[in-house]
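See structure below.
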Amino acid sequence: MKRLAIIIPAYKATFLLAALDSIAAQTCKDFTLYVGDDCSPEPIGNIVEQYRDKIELVFQRFDTNLGGKDLVAQWERCIAMSQEEPYIWLFSDDDLMEPNCVEELLKQIEKTEGDYDVYHFNVDIINECGAFEKRKQDYPAVLPAYRFYRGKNSGRLSAYVVENVFSRKVYEQFGGFMKYDLAWGSDVATWIVFSGSKGICTVPNARISWRQSSQNITPDYSRQIAERKLMAQLAFLNWAYRYFAKEPDIYTTNRAFFILLIHHNRRFVSKESIKKAFTSFFAVHGRKKDWPLIYLFAFLVDGIYFRIRKRFYWLYGDKKVKDEDNLL
């Protein structure tokens, strides 16, 4: 039995060859690749078949498209293709891994004696041609779940799904991924739960490349989708408030994120949705006296909003974040 299952929920063929080339080039082959074709109109199977003699792989074409309706369900049915490999890497059909990623991952698992349930690769951004664009903020050697939550929601840290490897044990323990509408926040909530009190362990000396291209999902700012995303993000925020209830600054942290959330969505959703979001936020977080002030700050024009934000640490909870910058 291999130690690692690499899972690709595939739909687009444009960059699949490049993704598979990077997997086939791994210096350590202690893995099985599973590719689940989400009933794609593109020749996914023909591309995958070219790698039969290069890596151990399992391919399945599904009869129905699921990712367009429930992305998390598509992830999970692809994972269900795998056997009993102790670690799972949910990858993609367009990103790349450096040749030593699997080797360094397994070294880190051995070095840490498998103490962690989530292992992380640092990330570079590449363009459609595969050329380097920028390097994202590296994670520390071990990143506690709450610092991950703060860092991700504040924009100081990035998360793209494909850079994390998790244990099958923790995946089965929690019954799969956290589920939110449109999978909005599902991955971040999942890494928080999976990492638990141990934190996220970074794999040194190897990186993955996340591809930024026209093939990425285009932001849909239609009112219906925007309102669904808003409520999904709010559900995630409310969940995090309960999950991190013992953190002394969770309210100020979430208040800052809520202001930013409303500010970014204010042009795309109805007044009724804004009111519903405020009602939901305060039903969970309490402190309704903050309603007028949060509303005022959230609806400031961009230039004034970002200038004022730098001065109002007490409202945004930014002072501690600034202190943590050097740690991240």
Just to confirm my numbers, what's the Cα centroid distance between the stretch 8-23 and the stretch 85-151 in Å?
18
When only Cα pairs under 8 Å and 6 or more residues apart are kept, what is the percent relative contact order across the stretch 1-160?
26
For Arg77, what charge total do you get from the other residues with a beta carbon under 14 Å from its beta carbon, if Lys and Arg give +1 and Asp and Glu give -1?
-2
Rounded to the nearest 10 degrees, what's the angle between the helix 145-154 long axis and the longest principal axis of the chain, both from Cα atoms, 0 to 90?
70
Take the cross-link list Lys107/Lys179; Lys69/Lys271; Lys29/Lys169; Lys111/Lys246 and give me the ones stretching past 25 Å between alpha-carbons.
Lys107/Lys179; Lys69/Lys271; Lys111/Lys246
Angle, helix 101-111 long axis vs. longest principal axis of the chain, Cα atoms, 0 to 90°, nearest 10?
80
Among residues other than Ile200 whose Cβ falls under 14 Å from its Cβ, what is the net charge (Lys/Arg +1, Asp/Glu -1)?
-1
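Restricting to bridges with both residues inside the chain, how much of the DSSP beta-bridge set is antiparallel, in percent to the nearest 5?
Looking only at bridges with both residues in the chain, the antiparallel portion is about 35 percent.
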What angle do you read, to the nearest 10 degrees and between 0 and 90, between the alpha-carbon axis of helix 250-265 and the longest principal axis of the chain?
80
10 Å Cβ shell holding at most 12 others, DSSP loop, trypsin sites (Lys or Arg not before Pro): longest site-free stretch of the chain
70-245
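Any chance you could run the full-extension gain for Ser214 through Ala245? It's 0.36 nm times the residue separation minus the Cα-Cα distance, nm to one decimal.
Contour length minus Cα-Cα distance gives 7.2 nm.
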Per residue, accessible area of the chain with a 1.4 Å probe, heavy atoms of protein chains only, in Å², comes to 47
For the stretch 72-127, which whole-number percentage of the solvent-accessible area (1.4 Å probe, protein heavy atoms only) is attributable to carbon and sulfur atoms?
44
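Grab the Cα-Cα distance for Ala131 and Thr64, subtract it from 0.36 nm times how many residues apart they are, and report the gain in nm with one decimal.
Contour length minus Cα-Cα distance gives 20.7 nm.
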In nanometres, what is the gap between the two model label sites at Ala73 and Cys28, each 7 Å from Cα along Cα-to-Cβ?
3.6
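The values are calculated or read from the model by the stated rules, or taken from the named source; none is laboratory data. Quantities reported herein were computed from a predicted structural model and do not represent experimental measurements. Ideal geometry is used to build each Cβ from the backbone, glycine not excepted, and the neighbour counts take in all protein chains shown. Heads up: the accessible areas ignore ligands, DNA and RNA and are worked out on the full protein's heavy atoms, side chains in. Shrake-Rupley method; radii C 1.70, N 1.55, O 1.52, S 1.80 Å.
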